[in-house]
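Asker: Sharing a structure below in C-alpha cells format, with a few things to ask.
What follows is calculated from the coordinates using simple rules that are stated; it is not laboratory data. Just so it is clear, the model here is predicted, and its values are computed rather than measured. In this analysis, Cβ positions are derived from the backbone assuming ideal geometry, glycine residues included, and neighbour counts consider all displayed protein chains.
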Amino acid sequence: MKISGAEIVIKCLHEEKVDYLFGFPGGSVLHIYDALFKQDRIKHILVRHEQAAVHAADAYARSSNRVGVVLVTSGPGVTNTITGLATAYMDSIPLVVLTGQVPTAYIGQDAFQECDTVGITRPCVKHNFLVKDVSDLAVTIKKAFMIATTGRPGPVVVDIPKDVTAQTCVFEYPNTVQMRSYNPVIKGHLGQIRKGAQLLLEAKRPIIYAGGGVILADASEKLTELAHRLGCPVTNTLMGLGGFPATDPQFVGMLGMHGTYEANMAMHHADVVLAIGARFDDRVIGDTAHFCAEPRKIIHIDIDPSSISKRVKVDIPIVGNASDILDEFLKLIESQTGRNPVLQDWWTRIEEWRSRQCLKYKKSDKIMPQYVIEKLYEITKGEAIITSDVGQHQMFSAQYYKFDKPRRWINSGGLGTMGVGLPFAMGACFANPGVTVACITGEGSIQMCIQELSTIKQFDLPIKVICLNNGYLGMVRQWQEMFYASRYSHTYVSSLPDFVKLAEAYGHVGIRVTRPEDVVPALQKALTEHRNDCVFMDFIIDPTANVFPMVAAGKGLTEIIFSEDL
Amino acid sequence: MRHIVSILLENEAGALSRVAGLFSARGYNIETLTVAPTEDASLSRITVVTRGSDDVLEQIVKQLNKLVDVVKVVDLSEAAHIERELMLIKVRAAGKDREEMKRMAEIFRGRIIDVTESTYVIELTGSSAKLDSFIGALDASLILETVRTGVSGIGRGDRILKV
C-alpha cells in the first residue's frame, strides 16, 4: 500500500520510538502536521520559537541518552534553529531535525519562505540531507538517526520539500543501514590500551581528566571504578560534571578557567594524564605553550580522531568508545585495597592545594549567588536536574552544585549559548517526569528565550527558575572590571521587567527574594508548596560578586587569580 | 610544506561544498582544487593542493575523514607520486613574436591548439612548477589570458586509492 511522504515521516518516527517531537508548524510542513494530527503515539510540543524547540530536544537528549527530534518549517523556521543546532553540535548531542522545504520545482527561485537549508546548516551539523524523492525518505531518516547517535554524536538535518511529503510510495523502514563512507571506530586498539594501562600503573602523579564524552558514552560507572582502582585524583570539565561523583574524596573539582586551584595544579603537575572524552580546549588548559612546557605523558581516549592531538600533542592516542575502552582498562588494572601507597606524596601535595579552599567567597549583607546555589544543592539533596544559561551563574552552578550522577547537569559548554536554560529545562522535564528540574539563570540570559514561559504553562511543567539577578551582564561586567579598568560598556541592564509580575502574567508563581535570610524559605516554598508549579524566583543578588578562582584568557593553568587578589 | 591531498567522496549534491566549507571554516588554505567523477560514477575524486605543517596536515586529513560523504583520504605527497596540471594560455603571436612563440611552445612540449592571425592558444601539461616556468619564460606583455585546471595527482606503482 502506498502512503504519503508525510505519513512516511510519522511512521519513521514511530519506528524510532520517538515519544516527543518539539516543533512549530508552517506552510511547508502542513502535510506532516496533518499526518501528526491523525496519530497519538508522538506527543508534539508546540514551542514559541524554533530555537527553543532545538534546545528542548537537545536537553531531552542530554538528560535521557535518547535522540531529540525537532520539526520546523522552511525559511525562518530553519534559520531560527541555527543557534540550537550549533549549540548541540559543539556539545556532540544527538538530534534529528526535520525541516520543511519549498516544493522541489521552486527550489532556487527565491520562493516564499525558501532558504538554502543544507547550505545554511552545513557548518553546524554533523550531516544533512535534502530528500528529493519520496522513495528515499524512509532510508534517509534511518540514516539520520544512525549518524546522529553513532560515533561522536551530533545533530542531523533532514530537509524535506513539500511536494515530497505529498507524493506517495510503499513504506518500508530498514532495520539497519550501511554507508561505505561512514564507519566510526568503536573498539579501542588493544596494544595502545595496554601501553596506556602500563603508563598509569607506573605513574607517580597520575590524574584522570574526564569530559562530556564519558557522559555521552554512559561510562560514568566504569570511570569511577577505574579511578578507585588507580586511587588517583579525578577532574571533570564543565561538560563532564556528574561523570564522576563530585562528593567522592578523589574528586578535585572542575578544572579550567574557573576550575578549582587543586584541579588546575594537579592537571599541570601530573606526570601522566588520562584524558577521556575531553578535548583540551582553550577554556580548559588555557595557554597551550604554558601547559606543554611541563613534561608529562598524555593518554587520550576519544571517539573522534580529530579531537586527538588537535591542541596538545598526545603520547598514547586511543580512538573508540569510552565505555568499551574503559572495560579494557579495567581488565588490565587490578583492584587496589585502599589508597595506592605510591601516590602518597602526590596526594599530600593535592591536599595542600585543596586546603587553600579556593571556593571561599566574601561575606555580604546582600544575597551572594554562591550561597543560593549551595542552599539549592542542600535542599534538593543534589538530586535535581540543573539546567543553566551562560554566564556567572553557570560557573557558580558548576562550582557549588555537586553532581554525583551523570545527565543532571545540562548546560551549553561549547558554544556558550545564552538563552538555553529555560528550553533546556523543558526538555529535561519531558524526559524525566517527576524529577525536580531547576533552571539557574541570570536576568540577561533568561530574556533570550523567556517566551517559553508560555510553553511551560501549556504543558504544566513544574520548572523552578532560579534567576540570579544582579542587573548586569555579569560575566562581561567581571571581565570589564578586571581587564578594562571597570569601564562597564553596555553591561548594565536597565529597564528590567518585573519578573514576578511577568511570571504571574504567564500563569506561574513569582517570588522575589532580596534578603539572604529569605533564600532558604523561598527555595523551600518553591520545592514543597509549589512543587507542581512553575516558580520564577528572582534573587536580587550582590552585583559585585565575581567568579573565582580564575585563569584569565590566554594565561597558563597555574596563573590563577583568587577572590582576595582583587 | 606543500601537500597534495586526494579525496574520494560520494558523488552527491553538496559534497564538494562540504569539503570546500571545511577548509574555509578551519582556516586551511587551498592552492588548487580539482574535482571530477571517477570510473565509478557514484564516486568523485577531489585533489586539493594545500600548505601546512605536519600537524596541520594531520588535522586536515582527520577532519576530511570526519565528513560523512568522504570515503577515503590520502596525502599523496607522503610518498612517490605523479602530479600534473593543464594550462591553456592565449598569447599574442604577431610579426617577429610569432615564430619565437612557436619555438617556446616546442621547448616546453606545449601544443598550439588555436591559431589566428595575431594569437595562439597553447596547451601545456606538467607539474605546476613547469607551468609557472613557462609563464616566467614569456614576455608578460604577450600573455593575453591563462586558465589552469589545478593539480591532479596519482600515487606511483602499487599505491592505489580506490574503494
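Asker: Pairs of alpha-carbon atoms within less than 8 angstrom and 6+ residues apart define the contacts here; what relative contact order does chain B have, in percent?
Answerer: Result for chain B is 27 percent.
Asker: Let me ask another. Along the charge dipole of the protein assembly as shown, Cβ charges K/R +1 and D/E -1, which of B:Leu57, B:Pro37, A:Ile350 sits furthest on the positive end?
Answerer: A:Ile350
Asker: Oh, and also: Filter the GluC sites (Glu not before Pro) in the stretch B:14-95 down to the DSSP loop ones having no more than 11 other Cβ atoms within 10 Å, then list what survives.
Answerer: Those satisfying the criteria are B:Glu39.
Asker: Please tell me the relative contact order of the stretch A:4-80 in percent, rounded to the nearest whole number, where contacts are Cα pairs under 8 Å and at least six residues apart. It would help to have the intermediate numbers written out before the result.
Answerer: On the way: 104 pairs, mean separation 29.6, N = 77.
Normalised by residue count, the contact order of the stretch A:4-80 is 38 percent.
Asker: Ok, one more. Among all the aspartates and glutamates, which ones have a C-alpha under 16 Å from A:Lys162's C-alpha, if same-chain residues fewer than 8 places away are not counted?
Answerer: The qualifying aspartates and glutamates are A:Glu7, A:Asp34, A:Asp110, A:Glu114, A:Asp116, A:Asp133, A:Asp136.
Asker: Report, as an integer, the average count of C-beta atoms from other chains found within 10 Å of each Cβ along A:307-320.
Answerer: Values: counts 2, 2, 4, 5, 0, 0, 1, 0, 0, 0, 0, 0, 1, 0.
Rounded to a whole number, the mean comes out at 1.
Asker: Going down the table (A:Lys405/B:Lys66; A:Lys402/A:Lys464; A:Lys132/B:Lys62; A:Lys297/A:Lys555), which pairs top 24 Å between alpha carbons?
Answerer: A:Lys405/B:Lys66; A:Lys132/B:Lys62
Asker: If the only charges are +1 at each Lys and Arg Cβ and -1 at each Asp and Glu Cβ, what is the size of the charge dipole of the stretch A:311-386 around the Cα centre, to the nearest 20 debye?
Answerer: Its charge dipole is roughly 620 debye.
Asker: Averaged over its residues, how many other protein chain Cβ atoms are within 10 Å of peptide A:267-277's Cβ atoms?
Answerer: 0
Asker: Let me ask something else about it. Between the stretch A:240-289 and the stretch A:21-86, how far is it from one alpha carbon centroid to the other, in angstrom?
Answerer: Rounded to whole Å, the Cα centres lie 36 Å apart.
Asker: Tell me, what is the FRET efficiency for A:Ser335 and A:Glu172 to the nearest 0.05, using R0 = 60 angstrom and their Cβ-Cβ distance as r?
Answerer: The formula returns an efficiency of 0.75 here.
Asker: Another question about this same structure. So, in nm, how far is label A:Asp365 from label B:Thr38 when the simple model puts each one 7 Å beyond its Cα toward the Cβ?
Answerer: About 7.7 nm, to one decimal.
Asker: Now for a different question. Cα centroid distance between the stretch A:113-131 and the stretch A:389-442, in Å?
Answerer: 28
Asker: Taking the dipole about the Cα centre of the stretch A:197-324, with the C-beta of Lys and Arg at +1 and of Asp and Glu at -1, give me whichever of A:Ile208, A:His228, A:Val273 is farthest to the positive side.
Answerer: A:Val273
Asker: Let me ask something additional. Going by C-beta contacts inside 10 Å, put B:Thr50, B:Thr146, A:Thr165 in order with the fewest on the left.
Answerer: Going from sparsest to densest Cβ surroundings: B:Thr146, B:Thr50, A:Thr165.
Asker: How long is the gain from A:Tyr484 to A:Thr348 if the chain were fully straight, where each residue apart is worth 0.36 nm and the alpha carbon distance is subtracted? Provide the component values of the computation, followed by the final result.
Answerer: Working: separation 136, 0.36 × 136 = 48.96 nm, distance 3.87 nm.
Full extension of this stretch gives 45.1 nm more.
Asker: Could you give the dipole magnitude of chain B about its Cα centre, charging the beta-carbon of Lys and Arg +1 and that of Asp and Glu -1, in debye to the nearest 20?
Answerer: On the way: 22 positive and 24 negative charges, 19 e Å.
The dipole of chain B has a size of about 80 debye.
Asker: Name the residue farthest towards the positive end of the dipole of the protein assembly as shown from the options B:Ala15, B:Ala140, A:Ile298, assuming +1 on Cβ of Lys and Arg, -1 on Cβ of Asp and Glu, about the Cα centre.
Answerer: A:Ile298
Asker: For chain A, what class follows from the C-alpha gyration tensor (a ≥ b ≥ c being the square roots of its eigenvalues): rounded when a/c is under 1.5, otherwise prolate if a/b is larger than b/c, else oblate?
Answerer: Working: a/c = 1.96, a/b = 1.24, b/c = 1.58.
Since a/c reaches 1.5 but b/c is at least a/b, the shape of chain A is classed as oblate.
Asker: Along Cα→Cβ, 7 Å out, is where each label goes; now give me the distance between the ones at B:Ser127 and A:Lys195 in nm to one decimal.
Answerer: About 3.4 nm, to one decimal.
Asker: Right, another one. Roughly how tilted is helix B:54-66, in degrees to the nearest 10 and between 0 and 90, from the longest Cα axis of chain B?
Answerer: With both axes taken from Cα atoms, the answer is about 70 degrees.
Asker: Here's something else I'd like to know. Averaged over A:174-184, how many beta carbons belonging to a partner chain fall within 10 Å of each residue's beta carbon?
Answerer: Values: counts 0, 0, 0, 0, 0, 4, 7, 14, 7, 1, 1.
Average neighbour count from other chains, rounded to a whole number: 3.
Asker: Something else about it: Size of the dipole of the protein assembly as shown about the Cα centre, Lys and Arg at +1 and Asp and Glu at -1 on the beta carbon, nothing else charged, in debye to 20?
Answerer: So the magnitude is around 720 debye.
Asker: Also, quick follow-up: Please rank A:Lys405, A:Lys38, fewest neighbouring Cβ atoms within 10 Å first, as an exposure proxy.
Answerer: A:Lys38, A:Lys405
Asker: Could I have the simple spin-label model distance between A:Glu221 and A:Phe459, label points 7 Å from Cα toward Cβ, reported in nm to one decimal?
Answerer: Modelled inter-label distance: 2.9 nm.
Asker: Expressed as an acute angle from 0 to 90° and rounded to the nearest 10, what is the orientation of the C-alpha long axis of helix B:15-25 relative to the principal long axis of chain B?
Answerer: 90
Asker: Straight-line reach from A:Lys525: which aspartates and glutamates fall under 19 Å, measuring Cα to Cα and dropping same-chain residues less than 8 apart?
Answerer: Hits, sequence-local ones excluded: A:Glu374, A:Glu378, A:Glu383, A:Asp460, A:Glu504, A:Glu517, A:Asp533, A:Asp538.
Asker: Taking the alpha-carbon distance from B:Lys162 and a cut-off under 19 Å, which aspartates and glutamates remain once sequence neighbours fewer than 8 residues away in the same chain are dropped?
Answerer: B:Glu10, B:Glu12, B:Glu39, B:Asp40, B:Asp69, B:Asp75, B:Glu78, B:Glu83
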